[in-house]
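One structure is given below, encoded as C-alpha cells.
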Amino acid sequence: MSVTTLIFSYYFTKIEFNVKIYPGDFMQIFLIRHGQSMQNTKENYQIGLPDHKVYLTEQGKLEAEQAGDFLLKYIEENNIDLSNSVMWVSPYTRTRETAEIINEKLKINKIKEDITLIEQQYGLFSDKEIQTLKELYPDSFAFYDNYYQNDGKFYAKLPQGESPFDVALRTKQFIDTIYRDKEDVLFVVSHGTAIKTIVMNFFHYSPEWYSNEPTPGNCSIRLIETNEYGNQERYIYNEPKKRVKKK
C-alpha cells in the first residue's frame, strides 16, 4: 500500500468517525388539530364569541383524551425518546384546552405557544351561515367566491381576514423557528388551515395540493419525520376521507 493511500485512508476514517448528527437533524413532528369546538357545531353562530375564545364541546374534550391515549401508546410501541421534546400550541382557547388534555397523558415538560399557529382569520365571514353572508355582504362574497370557484381557494382572501396564502407565509416562519430551537420530538396543537400549510411548506407542495387536500379531522394526527433517508409525512390517527371529484 502506498504512502498516499495510507494518508487518504487515515483522514477518510477520521472524517467518517467524527461526523456529528446535530439535534434537529432528525425530527418527529406530530401535527394535531384541536378537538371539536362550538364553532364546528355552529353553536357559536348564536353566541358570537370571537374566534380566539371559542372553546371545546364535551365531545371535543373526549376526542382530545382519546388522541392522548393513542399518542401515549404510539410513543411506547415505537420507543420514542421524549427527553428532548416540546409541545407547541396555538394560543387560542380550543387549542390550549386540547393540548392540556393530551399532555395529561404525555407529561411533556416544555410547552411553548406561537402566534403563527393560530387559525386563519375569517374577518367579516366569522360565525355566520353562507346564506347570511350572501345577504349581508353581497359584493364581498361574490368577489371571494369567484376566486374560490375558479381553483383559487388557496389565494381567496376573506374580507378583513386572511387567505390560506397568508397563513402559509406565517407557518413558514414557524418552520424556521423549530429548526432554530432543535428539539427532536414536537407535538404541534393547531388548526386545520395552519396544519395544512405547515405540511405544504415543509414538502413544497403546490397550491393545487392545498385545494384538493381535505381539512384534518378534529384531533387528527399527522406525522412528519425527518431522517437520513429524507422527509416523510402521513396520517397516523383519524385520517380524513379524500374528496371525490364530481364528474
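Scanning for something surrounded by 19 or more Cβ atoms within 10 Å (Cβ to Cβ), within 22 Å of Asn40 (Cβ to Cβ) and aromatic (Phe, Trp, Tyr), does the stretch 123-132 turn up at least one residue? Checked the stretch 123-132: at least one residue is surrounded by 19 or more Cβ atoms within 10 Å (Cβ to Cβ), within 22 Å of Asn40 (Cβ to Cβ) and aromatic (Phe, Trp, Tyr). When we screen Asn103, Asn79 for residues that are assigned to a helix (DSSP H, G or I) and over 23 Å from Glu162 (Cβ atoms), the only hit is Asn103. Regarding Lys153, is this residue in contact with a helix residue (DSSP H, G or I) (Cβ under 8 Å, 6 or more places away or on another chain) and free of Cβ contacts under 8 Å to residues at least 24 places away in the same chain? Taking the combined requirement at face value, the residue does not satisfy it. Give the residues of the stretch 63-91 that are within 13 Å of Ser37 (Cβ to Cβ) and either surrounded by fewer than 17 Cβ atoms within 10 Å (Cβ to Cβ) or not acidic (Asp, Glu) (or both), sorted by residue number. Within the stretch 63-91, Ala64, Ser90 meet the criteria. In summary, Ala156 fulfils each of the numbered conditions (1) assigned to a helix (DSSP H, G or I); (2) in contact with a Ser or Thr (Cβ under 7 Å, 6 or more places away or on another chain) with the single exception of condition (1). Mind counting the residues in the stretch 189-245 that are among the β-branched types (Val, Ile, Thr), in contact (Cβ under 8 Å) with a residue 24 or more places away in the chain and not in a strand (DSSP E or B)? Residues flagged as among the β-branched types (Val, Ile, Thr), in contact (Cβ under 8 Å) with a residue 24 or more places away in the chain and not in a strand (DSSP E or B) within the stretch 189-245 amount to 6.
Exactly one residue out of Thr215, Thr197 is in contact with a Gly (Cβ under 7 Å, 6 or more places away or on another chain), among the β-branched types (Val, Ile, Thr) and within 25 Å of Leu133 (Cβ to Cβ): that is Thr215.
Computed from the coordinates by the stated procedures, all read-outs in this text should not be read as laboratory data. Remember, it's a predicted structure, so these values are computed and weren't measured experimentally. Please note: Cβ atoms are built from the backbone with ideal geometry, for glycine as well, and neighbour counts cover all protein chains shown.
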